[in-house]
Structures are given as C-alpha cells and as structure tokens.
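What follows is a set of notes on a single structure, which appears directly below.
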Amino acid sequence: MPVSSLAEQPPHSTPLHNLKPHPNRSTDGWKAQLTLDFTDRGDKTVVGHKTQLGPLAIQRPLYPEGDVCHTYLLHPPGGVVGGDELLIQATTHSGAHALVTTPGATKFYRSEGKIAQQKQILTAKSGSCLEWLPQENIFFPTGQVRVDTEIHIEKDALFMGWELHCFGRPALNECFEAGKVWGKTQVFSQGKRILTENVQLIGGDKSILNSGLQGFPMMGSLFITARTDNDLEMVQDLLQDFAFNRELVIGATQLDDLIVVRALGQWTEPLLEAFTLIWQQFRQQWFGYVPEPPRIWAT
C-alpha cells in the first residue's frame, strides 16, 4: 500500500510538509489546509480562529437555530484530482456547538496514477458539541484516493458525525470498475483509541464488491457519543423503520461510549434519510428539540 504523507501526521498536527498557498494549480496538484476553532461567545458559537492555505474556505456562518454555528466548507476548484492534498481540522472548545457540512458532494475525479489525498482531524473538547455532517464523497472510476479521518472526543463532550462514500456514479450506471480508494477512520475517546476502520477498495475486485459491499455502490458510517445505557436501543428502534427498505442495509453497534451505525445503500437519499432521523433524535435527547436539516441539503 502506498504511504500517504497525510496519514503520517500525528493527531492535532502542524501543517503538512511543503504546504503552501498556490496561486494556480501546479502539476503536483493543490496543497490546501483549513483549520477552524469554534468558541462560545456567550450568546452564540463563533469561529474564534481560522487559518487557511490554498483552495479551502468557509461561507459566512449561519444561525438557523439561534446559537448553533452552521458552517459550510467550500472547495472552489469543484473537485479533487490526483496530486491534490487537503487537510481539514475542526475543533470545538468548551461551551461551543458547531455543525459543519458541505454545500454538495465532494467529487474525486479520474486519475492517471497520481494519488488524491484528504484528511480530517475533528476534535470535540470537554463541554462542547461538534457535528460533522458533510454530503457524500463520490469516487469516479480510475481514481486513486486516500481518505483518512481522526475523531478526538474529550470527557463530557458530544460528537456526532458521518462519512458517506459512493463508488462510481450509479445514476449513470457507472461502476467503480477501476481505480483504488483506501484509508482509515480512527476514533479516540478521552485519549484512548476505541475504533479503527480501514477502507480498501480496488476497482473491479469482485470479492470486495460482492462480499464487502454486497453489490451496493454506497457505504456510510455514523458515529455518536453515547450518554445513556438506552442509546443503542433507541437507535435500533429507529432502524426498524428501514427494515423492509430493499435499497438499504443498516445496523448499529456500541463500543465503549461510542455508537457506530453502518449502512450500505443504492442511493444517497435513503442512507441520508436514515442518518438524519438518528441525528434529529439525538439532538432532541441532548438539547430538547428536533432540528430541521440544513437547507443546503435540499438544493
């Protein structure tokens, strides 16, 4: 397996080596980094600190819920290609509550051999709440992509986040018949690593496509902080609504104080519907109200 410079970065890493702002795309691709620190201003959560290098940015934060900071990540080039290296770091500090999403799917385009790399480091500090709810990643055939995620949850912090991966473009009957997607997701609770999930999909590998994905082009994982002994049962009850949906296979498990929901789907919509329902139920349990999904998801 190729060694990723992104994967070698330690938790809470300093900027990637040779990471500099590029006025134009070079033959080696974009090198981009975005670091966001969310802080409690008293009346609402704000972006207290931001550093930005290369083509990663955010829109002006929105407040449809009053004090919760809704932030939309932007990647102006419109897609990720071989040679691009993106690093996103988001941290909520004590008292802060932030929801981070994207205005559309992240597209990883075809490659002639160069590797596209993206890494997220997400940290919920004690007494804060971080929600990481991006729209799906779409991996085009022949793409060479590494995606890594680190999630750090401190004591008395709340985290809810998902990853949605679409291999190929099922709407066009285009399968991921060539290329490679690999990487790992790690979750740390109070400094202890409690989960490592590896992804390695080689285009055209029938054993992975038929056994691992069971013929589905989409997979998703949802990670939730568990606060009560009944949280897993609540999730399993919610999943009964999707028991007879032939376009979705979904289940939940618990590891220490982390609930993990895993799903396979034919399309984005049923998978996102299931995850959104769980998100809303936990929000009601945590804060006493059911939030409306961000409007950007409907555009």
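Computed from the coordinates by the stated procedures, all read-outs in this text should not be read as laboratory data. Keep in mind that what you see is a predicted model, and the values were worked out from it rather than measured. Reconstructed Cβ throughout: ideal geometry from the backbone, glycine too, with neighbour counts over all protein chains shown.
Things worth noting here:
- The range 31-298, Cα convex hull volume normalised per residue, Å³: 122 Å³
- Annotation: amide H-H contacts under 5 Å for ALA116 (H modelled 1.01 Å from N, sequence separation of 5 or more, or interchain): GLY83, GLN144, VAL145, ARG146.
- Environment charge of ILE151, counting only residues whose C-beta is closer than 15 Å and scoring Lys/Arg +1, Asp/Glu -1: -2
- Rounded to the nearest whole angstrom, the semi-axes of the ellipsoid equivalent to the range 131-196, taken from the Cα gyration tensor as √(5λ), stand at 30, 13, 7, largest first.
- Between the range 130-187 and the range 44-82, the alpha-carbon centres lie 18 Å apart.
- Gained length - GLU197 relative to ASP28, 0.36 nm times residue gap less alpha-carbon distance: 57.9 nm
- Taking the Kirkwood radius as Rh and the Cα radius of gyration as Rg, the range 152-299 has a ratio of Rg/Rh equal to 0.98.
- The relative contact order of the range 31-298, computed from alpha carbon pairs under 8 Å that lie at least 6 residues apart in sequence, is 12 percent.
- On the basis of the beta-carbon distance and an R0 of 35 Å, ASN230 and GLN52 show a calculated FRET efficiency of 0.25.
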